[in-house]
Amino acid sequence: MATTKTAEETLGYEQARDELIDVVRRLETGGTSLEESLALWERGEELAKVCRRWLDGARARLDAALAEEDDGESAETAPEEE
């Protein structure tokens, strides 16, 4: 059985961030009903999670690259055994 990605999983970071900014702006402006405000809040929470996943993934990739770089440098500078 094939799995279908949800819209949140297919959103890029920039798309999710831009939509989140719009949601926050709409909530701050007001003029929406309680039900609309709750729906916006829930959407904002979903978008914030998408952004967090993207940022966590980017951080993990950066940490891995830095660790790999450190391993390469320490191997180059390690004294040779005689």
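The values are calculated or read from the model by the stated rules, or taken from the named source; none is laboratory data. For clarity, every value in this text was computed on a predicted model and none was experimentally measured. Every residue, glycine among them, receives a Cβ derived from its backbone with ideal geometry; neighbour counts consider all protein chains shown. The area values use the complete protein model at the heavy-atom level, side chains included, leaving out ligands, DNA and RNA. Shrake-Rupley method; radii C 1.70, N 1.55, O 1.52, S 1.80 Å.
Rundown of residues vs (1) open to solvent by 50 Å² or more (accessible area, probe 1.4 Å); (2) touching a residue at least 24 places away in the same chain (Cβ under 8 Å), yes/no style:
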residue	(1), (2)
30	no, no
34	yes, no
38	yes, no
42	yes, no
47	no, yes
59	yes, no
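Please determine whether any residue of the range 63-76 is part of a loop (DSSP other than H, G, I, E, B), among the hydrophobic types (A, V, I, L, M, F, W, C), surrounded by 10 or more Cβ atoms within 10 Å (Cβ to Cβ) and modelled with pLDDT under 95. No, every residue in the range 63-76 fails to be part of a loop (DSSP other than H, G, I, E, B), among the hydrophobic types (A, V, I, L, M, F, W, C), surrounded by 10 or more Cβ atoms within 10 Å (Cβ to Cβ) and modelled with pLDDT under 95.
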